[in-house]
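**Student:** Before I ask anything, let me first share the structure, which is written out below as structure tokens.
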Amino acid sequence: TSDLVAAIDQAVADGVDVINYSISGTQTNFLDPAQVSFLYAADAGVFVSASAGNSGPTASTVAHPGPWLTTVAAGTHNRNGVGSVTLGDGMTYDGASIATAVGPAPLVDAVDVGMAGADPAEVEMCFIGTLDPALVAGKIVLCKRGVIARVDKSRAVQMAGGVGMIMYNSPDSSLNADFHFVPSVHVQEAEGLAIKAYIAGMGAGAIATINAATIVYDAPAPYTASFSSRGPLIAGNGDLLKPDLMAPGVDVLAAVAPPGNAGFNFNLYSGTSMSAPHVAGVAALLKDLHPDWSPMAIKSALMTSAYDILDGPAEQVIFRMGAGHIDPNAAADPGLIYDSGWNDWLAFLCGTTNGVGPATCDLLEMYGYSTEPSNLNVPSIAIGALAGTQTVTRTVENLFGKPSHYTASIEGMDGIDVVVEPSTLDLNPGGWSDFTVTFTTTTAPLNTYTGGFLTWSDEHGHNVRIPLVVKPVALAAPVELFGTGDPLSFDVTFGYTGDFVAAPRGLVPATTFTDTVLDDPTDNFVPGGPGTISYDIVVPAGTTYMRAALFDEFTDGADDLDLYVYRGSTLVGSSGSGTSAEVVNLIDPVADTYTVWVHGWGTDGPDATYTLFTWLLGAVDEGNMTVTAPTTALIGETGTVDLTFSGLMPATKYLGSVAYSDGVDPLPLNPTIVRIDTP
């Protein structure tokens, strides 16, 4: 982490205009060291493009939350390698391929041709050195995708004397036409299982032909890659949209370093590490075209001119691709921009973190900067908890060289009444205007996001579009509070009218485990693999919240440890930032035994001594937290909840929550988590 921060700072000192950051990062922390470095880089006029992460299609996996940088999802393009395999029974299965034809040749399942003593799981996935040449030579091999690089599987087949490979997904994921070592075709799970069944039924008589692939230039695009990380963003409680936009990130053909690519000078790579450089490159071109544009002006131009394929509900599309797929030429003349700067970002942090001093926040508010996170002047609007009604503000500037008359229009937002005021704008060149957007819940379901778009259109052909995502709730309340045992207060906003009850759960002290984990030289987590230690946590019935956490201050150095939580063989949560500040939360976990793994991803020596903290919170009031709250709710109104604490042991980390109801039934939102670290 320190090296990455130093590199960012040095790039800024060198006077660069653009930084590309093809590395994942925090999902939860606006003030992660890299995010803070990018904050200062943006203030220095540097545009930052960062990878959204490759943890899709799971929701809320998007990384790099900072609004001062551009977070990029990965999309498909319209060029694709299309191939197929034909079995001896005449069935043909399509997939991704750039193969030359091979066969007919005997067809075998990797699970049947492993070396004696090899790990069966590694054999099935065709790890290098696990296939028996005596059983593979001259044959086409069926391999399961997973764990190792896709091209390493075909290399394993080649090394064992095989002449072709069929690779199948399990579960379904992206299909990739890689440069393989033997002719190969990549199919989805259903096709793979059908081929596996054919082999099982035919035995030694199974044969296949890998057909010559073709390159097509009309593949439907752009779709978000299945691996691309999605929103909603965890940081900021849903009041900021990430990813910001999408760029090509699937089967990107480019020059590569031959030593790491089996001697190839060019290869096909996929990932948000490919999509972020596209945006960095376009940003450099826009900066050259418009030297006076700020980083946020460039970001705005890219977002407001983006396009997409609406292949599902608007909110799903938006959380996959943000504003849409970049359209570089359209971004050169965006019409309007949404700009922001240092004070805007500090005000945003005032409303989302404890990282800005209260005196600074008070001063910013005195000078008119809003600390409501949804009011940050970005080219998107996100409200993570719409309690009845909420009004947000935005400011736009006319960058076009002529006077322009803009009219607002709304697309989508079913069940939400959206009012834009004013609904028309008349702007001279360089002129700017504020406007408000008021969202009011009508028939939209609670606790489910609704999405759409706001577009400003003028007579010169500009259509300045931004995405909208809001989640109606019965009550808007903080997700989590932190204190040291002194009284705490927080506001809630009501999305209904009626009785209101706020009840304490806990507080419960942490259970701790102190151990020493070895460094993992492979930097590749495998349960029970190098650099791992596990703990079985028995979760009883009635548990409302489980948390496992590591803290930087509870390791013996500058270590980077990660956390993984399994229920049986199923991964149910993980945390892997660039430090040892990791947390995994499970809401209403099923009663069972869970396994928490600590992984020594990067220790500052041969090992790291650490303390793991775990909490199991039920629904019981432990008598050490008193909650005082209003007894009635009025839709759209705000109430204050006060917390006081007693009987807490010193130097202890406690966890509790405040649960909400209408006096009869629980309100449909998660309780507010309360963490108290006593001195």
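The values are calculated or read from the model by the stated rules, or taken from the named source; none is laboratory data. Just so you know, these numbers come straight off a predicted model, no measurement behind them. Reconstructed Cβ throughout: ideal geometry from the backbone, glycine too, with neighbour counts over all protein chains shown. For the accessible areas, the whole protein counts, side chains as well, though only heavy atoms, and no ligand, DNA or RNA atoms are used. Shrake-Rupley method; radii C 1.70, N 1.55, O 1.52, S 1.80 Å.
**Student:** Starting from the Cα coordinates of segment 443-589, work out the convex hull volume and express it per residue in Å³.
**Tutor:** Here the figure is 266 Å³ per residue.
**Student:** Using only C-alpha positions, report the orientation-averaged shadow area of the convex hull of segment 227-288, nm², one decimal.
**Tutor:** Answer in nm², one decimal: 6.0.
**Student:** Another question, if that's okay. Quick one: Karplus J couplings for segment 107-113, per residue in order, coefficients 6.51, -1.76, 1.60, θ = phi - 60°, nearest Hz, x for Gly and Pro?
**Tutor:** Values, residue by residue: 10, 10, 8, 3, 4, 9, 10 Hz.
**Student:** Would you mind listing how long segment 1-155 runs along its three principal axes, going by Cα atoms, in whole Å with the largest first?
**Tutor:** That works out to 63, 40, 31 Å along the principal axes.
**Student:** Okay, next question. From the Cα gyration tensor of segment 37-76, with a ≥ b ≥ c the square roots of its eigenvalues, which class applies: rounded if a/c is under 1.5, or else prolate if a/b is larger than b/c, or else oblate?
**Tutor:** Cα axes put segment 37-76 in the prolate bin.
**Student:** Next up: Whose amide H sits under 5 Å from the amide H of Phe500, counting only residues 5 or more places off or on another chain, with H placed in the peptide plane?
**Tutor:** Amide H neighbours of Phe500: Thr632, Ala633.
**Student:** While we're looking at this one, here's another question. Just check segment 71-164 against the gyration tensor rule for me: Cα atoms, a ≥ b ≥ c as the square roots of the eigenvalues, rounded for a/c under 1.5, and otherwise prolate or oblate depending on whether a/b exceeds b/c.
**Tutor:** Oblate.
**Student:** Out of segment 460-536, which chymotrypsin sites (Phe, Trp or Tyr not before Pro) are coil in DSSP terms and have no more than 15 other C-beta atoms within 10 Å?
**Tutor:** Values: sites: Phe482, Phe490, Phe494, Tyr496, Phe500, Phe513, Phe525, Tyr535; in loops: Tyr496, Phe500, Phe525.
Answer in residue order: no site qualifies.
**Student:** Further, regarding this structure: Hey, any idea what Rg/Rh is for segment 382-518, computing Rh the Kirkwood way over Cα pairs?
**Tutor:** A ratio of 1.18.
**Student:** Please report the base-10 log of the normalised intensity I(q)/I(0) for segment 273-331, using a Debye sum with one equal scatterer per alpha carbon and no solvent, at each q in 0.15, 0.16 (1/Å).
**Tutor:** -0.46, -0.52
**Student:** What accessible area per residue comes out for segment 302-456, rounded to a whole number of Å², with a 1.4 Å probe?
**Tutor:** That works out to 40 Å² for each residue.
**Student:** Oh, and also: Please report Rg (one decimal) and Dmax (integer) in Å for the Cα set of segment 273-393.
**Tutor:** Gyration radius and largest Cα-Cα distance of segment 273-393: 16.5, 47 Å.
**Student:** Okay, next question. Stick to the Cα atoms of segment 549-675, pair each with every other, and give me the Kirkwood hydrodynamic radius in Å at one decimal. Don't jump to the answer; show the numbers that get you there.
**Tutor:** Details: mean 1/r = 0.0570 Å⁻¹.
For segment 549-675, inverting the mean 1/r across all distinct Cα pairs yields 17.5 Å.
**Student:** Ok, one more. Going from the alpha-carbon gyration tensor of segment 615-666, what semi-axes, largest first and in whole Å, does one get by taking the root of 5 times each eigenvalue?
**Tutor:** 26, 14, 9
**Student:** Taking amide H positions as placed 1.01 Å from N in the peptide plane, with prolines and chain starts having none, which residues 5 or more places from Val508, or on another chain, fall under 5 Å of its amide H?
**Tutor:** When sequence neighbours closer than 5 places are left aside, the close amide H contacts are Leu655, Gly656.
**Student:** To the nearest 0.05, how large is the calculated FRET efficiency for Asp665 and Thr593 if R₀ is 41 Å and r is the Cβ-Cβ distance?
**Tutor:** Numbers: r = 31 Å, r/R0 = 0.76.
Taking R0 as 41 Å, the efficiency between Asp665 and Thr593 is 0.85.
**Student:** Put Trp597, Trp456, Trp342, Trp432 in order of accessible area, largest first, 1.4 Å probe: what do you get?
**Tutor:** From most exposed to least exposed: Trp432, Trp342, Trp597, Trp456.
**Student:** Could you tell me the accessible area of Ser574 in Å² (1.4 Å probe, neighbours in place), rounded to the nearest ten?
**Tutor:** 70 Å²
**Student:** Label segment 460-504 by shape, choosing from rounded, prolate and oblate, from the square roots a ≥ b ≥ c of the eigenvalues of the Cα gyration tensor; if a/c is under 1.5 it is rounded, and otherwise prolate applies when a/b is larger than b/c, oblate when it is not.
**Tutor:** oblate
**Student:** Please identify the longest segment of the chain free of exposed GluC sites (Glu not before Pro), where exposed means a DSSP state other than H, G, I, E or B and no more than 15 other Cβ atoms within 10 Å.
**Tutor:** With GluC sites (Glu not before Pro) excluded where exposed in loops, the chain gives 1-458 as its longest stretch.
**Student:** Something else: Compare Val418, Val136 by solvent-accessible area with a 1.4 Å probe and give them largest first, with all protein chains kept in place.
**Tutor:** Val418, Val136
**Student:** Right, here's the next one. Could you tell me the relative contact order of segment 523-617? Use alpha-carbon pairs under 8 Å, at least six residues apart, and round to a whole percent. Don't jump to the answer; show the numbers that get you there.
**Tutor:** Details: 222 pairs, mean separation 40.5, N = 95.
After rounding, I find 43 percent.
**Student:** Expressed as a whole percentage, what fraction of the accessible surface of the chain belongs to carbon and sulfur atoms when a 1.4 Å probe is rolled over the protein heavy atoms?
**Tutor:** 54 percent
**Student:** Starting from the residue with the highest accessible area, list Tyr594, Tyr269 in decreasing order, probe 1.4 Å.
**Tutor:** So, going from the largest accessible area down, we get Tyr269, Tyr594.
**Student:** Restricting to Cα pairs below 8 Å that are 6+ residues apart, what does the relative contact order work out to for segment 575-679? Please round to a whole percent.
**Tutor:** In percent, rounded to a whole number, it is 17.
**Student:** With the Cα gyration tensor of the chain in hand, give its eigenvalues times 5 under a square root as the equivalent ellipsoid semi-axes, listed largest first in whole angstrom. Working shown, then result.
**Tutor:** Details: eigenvalues 383, 236, 114 Å².
The equivalent ellipsoid of the chain has semi-axes of 44, 34, 24 Å.
**Student:** Okay, moving on. Return the lysines within reach of Lys139: Cα separation strictly under 29 angstrom, same-chain partners fewer than 8 residues apart disregarded; answer none if there are no such residues.
**Tutor:** Result set, ordered by chain and number: Lys153, Lys196.
**Student:** Using only alpha carbon pairs under 8 Å that are at least six residues apart, calculate the relative contact order of the chain and give it in whole percent. If you can, show how the numbers build up before the last one.
**Tutor:** Working: 1818 pairs, mean separation 76.1, N = 679.
With pairs under 8 Å counted, the relative contact order is 11 percent.
**Student:** If only Cα atoms are counted, what is the Rg of segment 316-468, and what is its Dmax, in Å?
**Tutor:** In Å, with Rg to one decimal and Dmax whole: 16.3, 46.
**Student:** Counting only helical runs of four or more DSSP H residues, what would the 222 nm mean residue ellipticity of the chain come to if each run contributes -39,500 (n - 2.57) and the total is spread over all its residues?
**Tutor:** Helix-only estimate at 222 nm: -5000 deg cm²/dmol.
**Student:** How big is the antiparallel share of DSSP beta bridges in segment 58-183, given as a percent to the nearest 5? All intermediate terms of the calculation are to be shown ahead of the outcome.
**Tutor:** Working: 6 of 14 bridges.
Counting only bridges with both partners in segment 58-183, antiparallel ones make up about 45 percent.
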